[in-house]
Amino acid sequence: MIEIFSFSYDITQVWVIMLVAFLVGMSKTGIHGTSMLSVPVMAIYFGGQSSSGIILPMLIIADVFGVIYYHRHAEWSYLKKLFPWAALGIILGTWVGAYINDAIFRAFMAVIIVLSVIVMIWMERTNREKIPKHPAFAASMGIAGGFTSMIGNLAGTVMAVYFLSMRLNKNSFIGTTAWFFFVINVFKVPFHVFVWHTIHWDGFVLNLLTIPAILLGAYVGISVVKQLTDKTFRWFIIAITLLASVLMLLK
């Protein structure tokens with residue numbers, strides 16, 4: 001066992017935390033879907049709701065790096081439509097999450113991922129070029145994004161559907177999602193601290209120790225994404241999301 005502040009971890013859990021930090025770093029600077037892999041991995045080792053609180057400060061730290069590197073590529077016209085609805089989704093997710101146990105929590109996350117994969121594959125296979133412009137589409141996706149983000153840090157699946165449907169190129173996709181997740185993740189902190197009680201001071205300090213792994217992941221993400229075409233990038237996101245769903249369903 002390894003004692004870190006008030007936490008006691010076995011060596012496997014330490015490696016899991018560092019691996020997740022590395023994946024989160026990659027996700028925020030290009031390889032978007034890798035953070036989806038971290039969600040089921042953390043849920044398996046630490047439980048559904050508890051894991052969402054452990055990983056949130058890590059996500060915010062990585063969000064900062066993503067925003068710094070890709071901020072100039074953000075498409076704010078889409079973000080302005082999403083933010084108010086995402087806030088509503090977070091409030092709804094906070095209420096629902098307080099009444100479900102870990103088993104339901106994990107099952108819910110698995111369903112979200114699988115449905116998102118189905119929609120993403122359908123969009124790519126049908127070669128949809130028409131961009132959905134109805135306000136209800138942005139509203140529904142914003143609420144779903146905020147809700148799934150609060151329930152299990154799984155808005156990546158939902159927002160991948162939305163931003164892929166907007167036909168954003170890879171840099172715009174990364175820059176826009178970087179700002180979206182930075183804002184909503186910061187917005188979620190008070191709900192985790194004061195309602196769910198899943199974020200504590202010692203946990204935040206523990207997250208600071210993962211910064212080297214996050215930085216390494218961020219560097220790898222930037223390097224890899226430069227080698228991908230826009231089409232390959234979209235299919236890579238779909239493949240990673242599908243793998244995350246399999247991991248969650250196997251638990």
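Here are the numbers:
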item	result
Cα→Cβ-extended label distance, 7 Å offset, between HIS197 and GLU75, nm	4.3 nm
With 10 Å bins from 0: P(r) over the chain, alpha-carbon pairs, percent	8, 34, 40, 16, 2, 0
Carbon and sulfur %, accessible surface of the chain computed with the full protein complex present, 1.4 Å	71 percent
LYS170 accessible area, 1.4 Å probe, all protein chains in place, Å² to nearest 10	40 Å²
Exposure of ARG167 as accessible area (Å², to 10), given a probe of 1.4 Å and all protein chains	60 Å²
Heavy-atom SASA rank of LYS226, LYS81, LYS188 (probe 1.4 Å, accessible area, largest first)	LYS226, LYS81, LYS188
Accessible-area value, SER223, 1.4 Å probe, nucleic acids and ligands omitted, Å²	40 Å²
Ranked order, TRP179, TRP15 - accessible area, probe 1.4 Å, largest first	TRP15, TRP179
Accessible area, probe 1.4 Å, largest first, for residues TYR219, TYR45	TYR219, TYR45
Accessible solvent surface per residue of the chain, calculated while the other protein chains remain in place, 1.4 angstrom probe, Å²	45 Å²
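The values are calculated or read from the model by the stated rules, or taken from the named source; none is laboratory data. From a predicted model like this one, the values you see are computed outputs, not experimental measurements. Cβ coordinates were reconstructed from backbone atoms using ideal geometry, including for glycine residues, and neighbour counts include every protein chain displayed. Surface accessibility is based on the protein's heavy atoms, side chains included, excluding ligands, DNA and RNA. Shrake-Rupley method; radii C 1.70, N 1.55, O 1.52, S 1.80 Å.
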